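A.B. asks: Take a look at the following structure, please.
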């Protein structure tokens with residue numbers, strides 16, 4: 001379907017733009033209102049990660065006595081639906097219900113990371129089953145990027161356990177302080193050298209900026225013909241990246257204090273053992 005009028009009505013986005021004048025709620029709503037029925041269904045899979053984040057927070061608060069955090073938007077489900085997830089199973093997608101039913105007896109003993117890994121895996125499975133070219137390319141790239149970062153962090157911080165990621169042996173052996181990725185790995189991921197360089201500087205904000213730039217560049221490189229649904233989907237992801245950074249900048253002080261408290265700046269002994 002051609003979305004010429006929708007895309008023409010949307011403001012142009014750039015990674016370093018001033019977002020103070022963007023009405024994110026209205027922009028997301030405008031996109032949703034103007035999509036075809038089929039594309040609305042696919043569009044939800046760009047928003048579901050926020051719902052998984054919100055559900056993870058509800059489960060962590062319930063089973064691990066963790067403090068509640070902000071409700072992430074845009075979201076497919078309202079806060080009340082997520083908080084009363086047992087009563088609203090009929091509203092949820094299969095991957096959410098599958099996760100809840102498969103782990104119902106284990107939620108009380110699962111760590112937050114275990115919950116997140118299980119949620120993410122079921123989400124990826126359902127996305128790939130859609131056989132939509134854009135969503136498949138984007139989420140395979142997204143999963144690979146997360147795997148690379150997880151492998152590097154595992155070899156950097158002692159408090160992290162072995163991550164459940166794709167290509168785990170290859171990545172853990174080659175990524176981390178004092179390690180040199182092979183030529184084949186560098187060829188597979190053109191952004192890898194820049195990413196390693198910024199991760200090694202232990203500057204979380206700079207790292208996050210580069211990670212989002214890598215995603216932005218991927219979306220630009222993979223852009224389809226103008227005014228297609230893929231262009232709308234890529235725009236939606238970029239809009240979420242900008243919204244996230246607006247939130248981070250607004251909470252800059254507390255965000256940096258939190259990171260300072262949880263990050264051990266000592267190089268991990270794991271690197272020497274591998």
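The values are calculated or read from the model by the stated rules, or taken from the named source; none is laboratory data. Just so you know, these numbers come straight off a predicted model, no measurement behind them. Positions of Cβ are backbone-derived with ideal geometry, glycine not excepted, and every protein chain shown enters the neighbour counts.
A.B. asks: Let me confirm something: among 76, 82, which residue is under 21 Å from the mean Cα position of the chain (by Cα), outside any helix (DSSP H, G or I) and within 30 Å of residue 129 (Cα to Cα)?
C.D. replies: Result: 76 is the single residue among 76, 82 that is under 21 Å from the mean Cα position of the chain (by Cα), outside any helix (DSSP H, G or I) and within 30 Å of residue 129 (Cα to Cα).
A.B. asks: Being out of contact with any helix residue (DSSP H, G or I) (no Cβ under 6 Å at 6 or more places or on another chain) and under 19 Å from residue 151 (Cβ atoms) is the filter here, so list the residues in the stretch 204-236 that pass it.
C.D. replies: 208, 211, 214, 215
A.B. asks: Next question. When you scan the stretch 1-11, do you find a residue that is within 23 Å of the chain's Cα centre (by Cα) and outside the structural domain of residue 215 (by TED's automatic domain parsing), even just one?
C.D. replies: No, the stretch 1-11 contains no residue that is within 23 Å of the chain's Cα centre (by Cα) and outside the structural domain of residue 215 (by TED's automatic domain parsing).
A.B. asks: Next question, about the same structure. Tell me, yes or no, whether the stretch 60-73 has at least one residue that is surrounded by fewer than 13 Cβ atoms within 10 Å (Cβ to Cβ), over 30 Å from residue 248 (Cβ atoms) and free of Cβ contacts under 8 Å to residues at least 24 places away in the same chain.
C.D. replies: No: zero hits.
A.B. asks: For residues that are touching a helix residue (DSSP H, G or I) at 6+ places or on another chain (Cβ under 6 Å) and more than 28 Å from residue 27 (Cα to Cα), scanning just the stretch 74-102, find the one that is surrounded by the most Cβ atoms within 10 Å (Cβ to Cβ).
C.D. replies: 99
A.B. asks: Test of understanding: among 113, 122, 143, which residue is surrounded by fewer than 14 Cβ atoms within 10 Å (Cβ to Cβ) and closer than 20 Å to residue 52 by Cβ?
C.D. replies: Testing whether each residue is surrounded by fewer than 14 Cβ atoms within 10 Å (Cβ to Cβ) and closer than 20 Å to residue 52 by Cβ leaves just 113.
A.B. asks: Something else: Could you tell me which of the residues 171, 186 is surrounded by 15 or more Cβ atoms within 10 Å (Cβ to Cβ), modelled with pLDDT of 95 or more and under 22 Å from the mean Cα position of the chain (by Cα)?
C.D. replies: Residue meeting the stated conditions: 171.
A.B. asks: I'm trying to understand the selection: among the residues of the stretch 103-123, which are farther than 20 Å from residue 162 by Cα and in contact with a helix residue (DSSP H, G or I) (Cβ under 9 Å, 6 or more places away or on another chain)?
C.D. replies: Correct list: 103, 106, 107, 108, 123.
A.B. asks: Among the residues that make up the stretch 149-158, is at least one of them exposed (fewer than 15 other Cβ atoms within 10 Å of the Cβ) and in the same structural domain as residue 41 (by TED's automatic domain parsing)?
C.D. replies: no
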